[in-house]
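The values are calculated or read from the model by the stated rules, or taken from the named source; none is laboratory data. Not measured: the values here are computed from a predicted model. Ideal geometry is used to build each Cβ from the backbone, glycine not excepted, and the neighbour counts take in all protein chains shown.
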């Protein structure tokens with residue numbers, strides 16, 4: 001959704017109180033005003049042992065960092081439709097869905113939001129949003145979405161660009 005260390009979904013600036021306020025109201029949790037870490041610093045913290053667990057979504061998410069992540073002492077979870085091509089492997093693998101099996105939206109690098117429609121259901125029976133919501137809930141932050149429409153309604157209520165995706 002266009003997030004990054006200094007941005008909220010939709011490329012909204014984290015430093016702006018009004019932007020943070022929209023998300024804090026929807027999520028009922030306070031958000032930090034300062035930027036988070038970028039991918040490089042997260043990997044460094046994993047290697048130093050300062051990050052105890054990490055969840056990656058999509059095999060390409062680890063990319064060249066997979067050795068640092070999967071060989072560390074951090075508890076690693078990968079949500080993906082495919083097992084990585086070669087070791088090292090994550091400690092836990094959850095069966096994710098391919099884009100062809102997913103409904104929802106995709107945001108490209110230019111910030112354009114495009115609609116995804118599934119050609120067939122995911123073999124594991126769950127969409128990625130369902131896996132993420134269940135994992136989050138099991139870790140103590142309950143995501144009370146009962147459908148993709150609930151997720152999309154929340155997104156559209158906070159980030160106007162998600163009200164009418166192309167496609």
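Determine whether residue 48 is assigned by TED's automatic domain parsing to the domain that holds residue 111 and out of contact with any strand residue (DSSP E or B) (no Cβ under 8 Å at 6 or more places or on another chain).
So residue 48 fits the description; yes.
Say whether the condition of being within 15 Å of the chain's Cα centre (by Cα), outside any helix (DSSP H, G or I), surrounded by 14 or more Cβ atoms within 10 Å (Cβ to Cβ) and touching a residue at least 12 places away in the same chain (Cβ under 8 Å) is met by at least one residue in segment 145-161.
For segment 145-161, residues within 15 Å of the chain's Cα centre (by Cα), outside any helix (DSSP H, G or I), surrounded by 14 or more Cβ atoms within 10 Å (Cβ to Cβ) and touching a residue at least 12 places away in the same chain (Cβ under 8 Å): absent.
Among the residues of segment 10-19, are any assigned by TED's automatic domain parsing to the domain that holds residue 131, farther than 22 Å from residue 113 by Cα and exposed (fewer than 14 other Cβ atoms within 10 Å of the Cβ)?
Within segment 10-19, not a single residue is assigned by TED's automatic domain parsing to the domain that holds residue 131, farther than 22 Å from residue 113 by Cα and exposed (fewer than 14 other Cβ atoms within 10 Å of the Cβ).
Of everything in segment 62-76, what is part of a loop (DSSP other than H, G, I, E, B), modelled with pLDDT of 90 or more and in contact with a helix residue (DSSP H, G or I) (Cβ under 6 Å, 6 or more places away or on another chain)? Give them in sequence order.
Residues satisfying the conditions are 72, 74.
Of these, 79, 131, which one is in a helix (DSSP H, G or I) and surrounded by 14 or more Cβ atoms within 10 Å (Cβ to Cβ)?
Result: 131 is the single residue among 79, 131 that is in a helix (DSSP H, G or I) and surrounded by 14 or more Cβ atoms within 10 Å (Cβ to Cβ).
Consider residue 93 against the criteria (1) in contact with a helix residue (DSSP H, G or I) (Cβ under 9 Å, 6 or more places away or on another chain); (2) surrounded by 14 or more Cβ atoms within 10 Å (Cβ to Cβ): it satisfies all of them except one. Which criterion is unmet?
With (1) in contact with a helix residue (DSSP H, G or I) (Cβ under 9 Å, 6 or more places away or on another chain); (2) surrounded by 14 or more Cβ atoms within 10 Å (Cβ to Cβ) applied to residue 93, the lone miss is (1).
Filtering segment 22-40 down to residues that are without any contact (Cβ under 8 Å) to a residue 24 or more places away in the chain, out of contact with any helix residue (DSSP H, G or I) (no Cβ under 8 Å at 6 or more places or on another chain) and loosely packed, with under 12 Cβ neighbours inside 10 Å, which residue is farthest from residue 142 (Cα to Cα)?
40
In segment 111-127, which residue that is at pLDDT 90 or above and under 17 Å from the mean Cα position of the chain (by Cα) is surrounded by the fewest Cβ atoms within 10 Å (Cβ to Cβ)?
126
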